[in-house]
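Note sheet for the following structure.
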Amino acid sequence: MAHVGSQSAYQRLTERLNRFPQGAPPTELLTRILKVLFDRREAELVSLLPIRPFTARRAAAVWRMSERQARRILDQLAGKALLVDFYVDGDMHYVLPPPMAGFFEFSMMRIREDIDQKLLAELFYQYLNVEEDFVRALFTEGQTQLGRAFVHEPALSAANALHVLDYERASEVVRRATHRGISMCYCRHKMAHMDRACAAPMDICMTFNTSAESLIRHGHARAVGVSEGLDLLAKAREHNLVQFGENVRQGVNFICNCCGCCCEAMIAARRFAVKHPIHTTNFLPRVDETTCNGCGGCMKLCPVEAMTLESAGDPGHPKRKVARVDHDRCLGCGVCVRACTKTGSLSLVHRPQRVLTPLNAAHRAVVMAVERGKLQHLIFDNQILWHHRALAAVLGVILRLPPVARAMATDQVKSRYLEALALRYS
């Protein structure tokens, strides 16, 4: 295997993880987490892998071993859900998932005896809920974020339903996925080890497509059909959970069913509301103040504290209160509408400006990398993209970016070739 210098394997692995567009700032806590998940040799080997998909042949070349040896190690790592493996034209490919949404969650998505999950939960809680470097980097850097909220479909009026695109519906993600996997909710499982979990359903975390296929094959998720997937969505809605999923229009790989108390996405939405850590739906709740009785039901259900009660300003009834919506905080999930059954004073209306969603994971990764100053890692990382098809895909995404974003991309890469292409297609 190649000489890798004087740094520890875990230091090199943290540096590798921080090359992802969403990043993973290296801290002592992150190193302790990685030591639970990876043994030293695994950490050393994984630290050498590209951050983009690769084959066993590529890994063997990087590790300087036979392809057979490399494939055996890669399969072991995929079995531990530290890598995701998937077929492309009959050939197995592998990818190192980011910490979140990725191998952090995978480590707690079922009961396991091969790792100390209680210790891991305690470390995750400290790293994600007490300290804030990682969640701040994950949820607040740049304008394009990892995840988005899905609208609470039963809250849609007939008129609204006509204008909701398929990718905005969690039910359509379930219907169109090639594979559907159900696992234990990482967030509530973590909180259960801390004696802080709520009573919301546990076995309701959803993965789809290539991620689901890999997790199912290695026993980290159970396969379900469309019917059961839709039933679980309905169950989540009955418990007033928010659907939070991958921020793409095509090939959504996960949907979490989030409570406001345990789930890190909702906690981040409250902690960093002004930074807009989660992409909203295209809706906002509207309060009919003439019928609102100020019961506060919507306020209790809102997972991000966007609903409040304020004076109605009614001279004849000075103590009367009505619900108010903080548009800057609101996710547009529509869970609050469920609470307003007595008076029907809440309804969903379209946001003034439509929320833009990246086309797919490659598009989102490039845009996030541009915004966070990490585009060079996607292009030059282990030379994995130095072949025409892959490089053309990255350049194609760049050329479709708005002019300012294109300028940011070319500034980072410092490439006259990219500058010439950007100018040519302006």
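Rule-based calculations on the coordinates, nothing more; no lab input. Not measured: the values here are computed from a predicted model. Reconstructed Cβ throughout: ideal geometry from the backbone, glycine too, with neighbour counts over all protein chains shown.
List of remarks:
- Placing unit charges on the Cβ atoms only, positive for Lys and Arg and negative for Asp and Glu, gives segment 190-347 a dipole magnitude near 260 debye about its Cα centre.
- Here the dipole of the chain is about 520 debye; that uses its Cα centre as origin and unit charges on the Cβ of Lys and Arg (positive) and Asp and Glu (negative).
- FRET efficiency for the pair MET194 and ALA407, taken as 1/(1 + (r/R0)^6) with r the Cβ-Cβ distance and R0 = 60 Å, rounds to 0.85.
- Net charge dipole size for segment 213-286 [Lys, Arg +1 and Asp, Glu -1 on Cβ; Debye, nearest 20]: 300
- Of ARG52, ARG354, ARG329, the one that fluctuates the most in a GNM where the chain has Cα springs shorter than 10 Å: ARG354
- Segment 308-351: relative contact order in percent, alpha carbon pairs under 8 Å with at least 6 residues between: 25
- Label-point separation, MET92 to ARG175 (7 Å along Cα→Cβ), nm: 3.5
- As a length-normalised measure over Cα pairs under 8 Å and 6 or more apart, the relative contact order of segment 249-310 settles at 32 percent.
- Here the Karplus relation 6.51 cos²θ - 1.76 cosθ + 1.60, evaluated at θ = phi - 60°, turns the backbone of segment 52-64 into coupling constants of 9, x, 8, 9, 4, 4, 5, 4, 4, 5, 5, 7, 6 Hz, with x for every Gly and Pro.
- Mean ellipticity per residue at 222 nm, deg cm²/dmol - from DSSP H runs of n ≥ 4 across the chain, formula -39500 (n - 2.57): -11000 deg cm²/dmol
- Distant-in-sequence amide contacts of PHE254, defined by a placed amide H-H separation under 5 Å and a gap of 5 or more residues or a different chain, comprise PHE208, GLU246.
- Whole-Å semi-axes of the chain's equivalent ellipsoid (Cα gyration tensor): 39, 25, 20
- Degrees separating the helix 403-413 axis from the principal Cα axis of the chain, which is the longest one: 30
- Among 135-142, 24-31, 159-166, 223-230, sorting by the average number of other beta carbon atoms lying within 10 angstrom of each residue, highest first, gives 135-142, 24-31, 223-230, 159-166.
- Rg/Rh ratio calculated on Cα atoms of segment 211-363 (Kirkwood radius): 1.04
- When the chain is treated as a GNM with alpha-carbon contacts under 10 Å, the residue of LYS374, LYS300, LYS80 showing the greatest mean-square fluctuation is LYS300.
- Among ALA61, PHE38, PRO25 - extreme Cα towards positive end, dipole of segment 14-137, charges at beta-carbon: ALA61
- Under the shape rule built on the C-alpha gyration tensor, where the axes satisfy a ≥ b ≥ c, segment 150-261 is oblate, since a/c reaches at least 1.5 while a/b does not exceed b/c.
- Using a cutoff of 8 angstrom between alpha carbon atoms and counting only pairs six or more residues apart, the relative contact order for segment 97-183 works out to 18 percent.
- Positive-end extreme of charge dipole, the chain - chosen from HIS93, HIS163, THR341 (charges on Cβ): HIS93
- Shape class for segment 60-216: oblate, because the ratio a/c of the largest to smallest gyration tensor axis (alpha-carbon atoms, square roots of eigenvalues) is 1.5 or more and b/c is at least a/b.
- Distance (nanometres) between label positions extended 7 Å along Cα→Cβ at GLN250 and ARG320: 5.3
- Rounded, prolate or oblate (a/c below 1.5 giving rounded, otherwise prolate when a/b exceeds b/c) for segment 110-184 by Cα gyration tensor: oblate
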